[in-house]
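**Student:** Once you've had a glance at the structure underneath, I'll fire off some questions.
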Amino acid sequence: MQTKTLGTSSFQVVPLMLGGNVFGWTADAPTSFQILDAFVGRGFNFIDTANVYSIWVPGHHGGESETILGTWFKQSGNRDKVVLATKVGIKMSTGQEGLSKHTILEAVEASLTRLQTDHIDLYQSHKDDPSTPLDETLEAYQQLIQQGKVLLIGASNYTAPRLSAAMELSRTRGLPAYQTLQPEYNLHSRQDFETNLQPVAEKYNLGVVPYFSLASGFLTGKYKSVADAKGVNRGSRVIQYFDQRGEKILAALDEVSKATGASPAAISLAWLLAQPTILAPIASATSVSQLEVLFEAVDLKLDPTLLEKLTVASAF
């Protein structure tokens, strides 16, 4: 199984990141434990979560996903087998929000407690905070790195100008630099990343870990029409992809699936992995059986003709 190096660290990650947004939401604790056991049992090691998951669920306050992961770490003893990523910055039910030094230092302690660990391998700014100077955020991360509570840092949901500014500040001030970028990117949502963010990722050698890599399930082949998406948890998100481009993409995925025998989901992830700067697509699973499709993607190598078919069909 292939691995890639995470940033400037010695971490070797299998290039598929398990999304922890479903833990405590569409996957209860026992199901989440089964998924995590199966994921690590197959040699995969890269897991993503956030302090805010899953605040959008009625009655949740944020921290549910981290809590499940922490309980699993304690029960399984698998913390050392995982490259753990979490995030800070989006508003919690307590009102905690943003990337000020005070917020980051307070939030990391809560995350470490929920995760039942003494360090976070990759701590990510969940979204840009224009109200906080970039150097204040990076100085907070520097303190955490010096304390050994955080090993690497990453950025998510930054614009290209703000990301470039942060990277230049790290270079000129000798502050910790973001090692990864977590943007929305998939076969359907290409334009913003490829036009604006990809050049920045290439310039600064950032490893890209795209979210919505399967377009909320649209690229799995599960949904053939808008009607199929109605009434499901992510239905409102899936429906937005059923435009003319979306139909072309589904048709191309079907053709490539017939040619290779691979699933549309695996093909979609394999296409991402073939793109410049991509370190590991993020994908979630709500059952162990769904993991098999994700596992399939890592070793799936699409020939140039099939890659081109998908790229042309999804052209923007």
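**Student:** On the basis of being closer than 29 Å to T113 by Cβ and touching a Gly at 6+ places or on another chain (Cβ under 7 Å), does Y178 make the cut? Before you say what the answer is, go through the steps one by one.
**Tutor:** Working: closer than 29 Å to T113 by Cβ: yes; touching a Gly at 6+ places or on another chain (Cβ under 7 Å): yes.
Spelling it out, Y178 is indeed closer than 29 Å to T113 by Cβ and touching a Gly at 6+ places or on another chain (Cβ under 7 Å).
**Student:** Hey, another quick one. Output the number of residues of the range 7-62 satisfying the condition of being touching a helix residue (DSSP H, G or I) at 6+ places or on another chain (Cβ under 7 Å), assigned to a strand (DSSP E or B) and not charged (D, E, K, R).
**Tutor:** So the answer is 4.
**Student:** Helices (runs of 4 or more DSSP H) wholly in the range 174-241 with at least 3 residues that are at pLDDT 90 or above and either at positive phi or under 20 Å from the mean Cα position of the chain (by Cα) (or both) - which ones? Spell out the reasoning first.
**Tutor:** On the way: elements: 198-204, 226-229, 235-239.
Result: 198-204.
**Student:** Taking only the range 62-78 into account, find how many residues are among the charged types (D, E, K, R) and touching an Asp or Glu at 6+ places or on another chain (Cβ under 9 Å).
**Tutor:** Residues of the range 62-78 that are among the charged types (D, E, K, R), as a first pass: 64, 66, 74.
Add one more test, that the residue is touching an Asp or Glu at 6+ places or on another chain (Cβ under 9 Å), and what stays is none.
Qualifying residue count for the region: 0.
**Student:** On to the next question. What number of residues within the range 274-292 satisfy the criterion of being under 18 Å from L302 (Cβ atoms), of a type in the set (A, V, I, L, M) and in contact with a helix residue (DSSP H, G or I) (Cβ under 7 Å, 6 or more places away or on another chain)?
**Tutor:** Within the range 274-292, residues that are under 18 Å from L302 (Cβ atoms), of a type in the set (A, V, I, L, M) and in contact with a helix residue (DSSP H, G or I) (Cβ under 7 Å, 6 or more places away or on another chain) number 3.
**Student:** Tally up the residues in the range 73-108 that are among the aliphatic types (A, V, I, L, M), free of Cβ contacts under 8 Å to residues at least 40 places away in the same chain and either in contact with a Phe, Trp or Tyr (Cβ under 9 Å, 6 or more places away or on another chain) or buried (at least 21 other Cβ atoms within 10 Å of the Cβ) (or both), please. Before the answer, list the steps.
**Tutor:** Applying the first criterion (among the aliphatic types (A, V, I, L, M)) to the range 73-108 yields 82-85, 88, 90, 92, 99, 104-105, 107-108.
Among the residues that remain, those that are also free of Cβ contacts under 8 Å to residues at least 40 places away in the same chain are: 84, 88, 105.
If we keep only those that are either in contact with a Phe, Trp or Tyr (Cβ under 9 Å, 6 or more places away or on another chain) or buried (at least 21 other Cβ atoms within 10 Å of the Cβ) (or both) too, we end up with 84, 88.
Summing the residues that are among the aliphatic types (A, V, I, L, M), free of Cβ contacts under 8 Å to residues at least 40 places away in the same chain and either in contact with a Phe, Trp or Tyr (Cβ under 9 Å, 6 or more places away or on another chain) or buried (at least 21 other Cβ atoms within 10 Å of the Cβ) (or both) in the range 73-108 gives 2.
**Student:** Can I ask one more? Those residues that are surrounded by fewer than 24 Cβ atoms within 10 Å (Cβ to Cβ) and among the hydrophobic types (A, V, I, L, M, F, W, C), I need them from the range 23-34; list them, please.
**Tutor:** Within the range 23-34, W25, A27, A29, F33 qualify.
**Student:** Quick test of your reading of the structure: T311 fulfils all but one of (1) surrounded by fewer than 23 Cβ atoms within 10 Å (Cβ to Cβ); (2) modelled with pLDDT under 95. Name the failing condition by number.
**Tutor:** T311 satisfies every listed condition except (2).
**Student:** How many of the residues in the range 76-106 are at pLDDT below 95 and of a type in the set (G, A, S)?
**Tutor:** Of the residues in the range 76-106, 2 are at pLDDT below 95 and of a type in the set (G, A, S).
**Student:** While we're here: Any residue at all in the range 243-261 that is among the polar types (S, T, N, Q), within 15 Å of G217 (Cα to Cα) and either at pLDDT 95 or above or surrounded by fewer than 16 Cβ atoms within 10 Å (Cβ to Cβ) (or both)?
**Tutor:** Here is the first cut: in the range 243-261, the residues among the polar types (S, T, N, Q) are 244, 257, 260.
Next, only the ones that are within 15 Å of G217 (Cα to Cα) stay: none.
Looking through the range 243-261, none of the residues is among the polar types (S, T, N, Q), within 15 Å of G217 (Cα to Cα) and either at pLDDT 95 or above or surrounded by fewer than 16 Cβ atoms within 10 Å (Cβ to Cβ) (or both).
**Student:** Which numbered condition in (1) closer than 20 Å to A201 by Cα; (2) part of a loop (DSSP other than H, G, I, E, B) is the only one that L272 fails?
**Tutor:** Only one criterion in (1) closer than 20 Å to A201 by Cα; (2) part of a loop (DSSP other than H, G, I, E, B) is unmet by L272, namely (2).
**Student:** It is to be established whether one or more residues within the range 275-293 are without any contact (Cβ under 8 Å) to a residue 60 or more places away in the chain, within 14 Å of L219 (Cβ to Cβ) and of a type in the set (A, V, I, L, M).
**Tutor:** no
**Student:** In this structure, does E168 turn out to be assigned to a helix (DSSP H, G or I), in contact with a Ser or Thr (Cβ under 9 Å, 6 or more places away or on another chain) and acidic (D, E)?
**Tutor:** Here the answer is no, as E168 does not meet what is asked.
**Student:** Also, I was wondering about something else. Please find, within the range 112-157, the residue that is surrounded by the most Cβ atoms within 10 Å (Cβ to Cβ) out of those that are among the β-branched types (V, I, T) and part of a strand (DSSP E or B).
**Tutor:** First, the residues of the range 112-157 that are among the β-branched types (V, I, T): 113, 117, 120, 132, 137, 145, 150, 153.
Right, trim to part of a strand (DSSP E or B) and you get 120, 150, 153.
On the way: I120: 23, V150: 24, I153: 26.
Restricting to residues being among the β-branched types (V, I, T) and part of a strand (DSSP E or B), the top hit is I153.
**Student:** What about T86, is it over 27 Å from I35 (Cα atoms) and either among the β-branched types (V, I, T) or not in a helix (DSSP H, G or I) (or both)? Quick ask: steps written out before the conclusion?
**Tutor:** Working: over 27 Å from I35 (Cα atoms): no; either among the β-branched types (V, I, T) or not in a helix (DSSP H, G or I) (or both): yes.
No; evaluated as a whole, the condition is false for this residue.
The values are calculated or read from the model by the stated rules, or taken from the named source; none is laboratory data. Keep in mind that what you see is a predicted model, and the values were worked out from it rather than measured. When we count neighbours, we look across all protein chains shown, and the Cβ atoms used for this are built from the backbone with ideal geometry, even at glycine.
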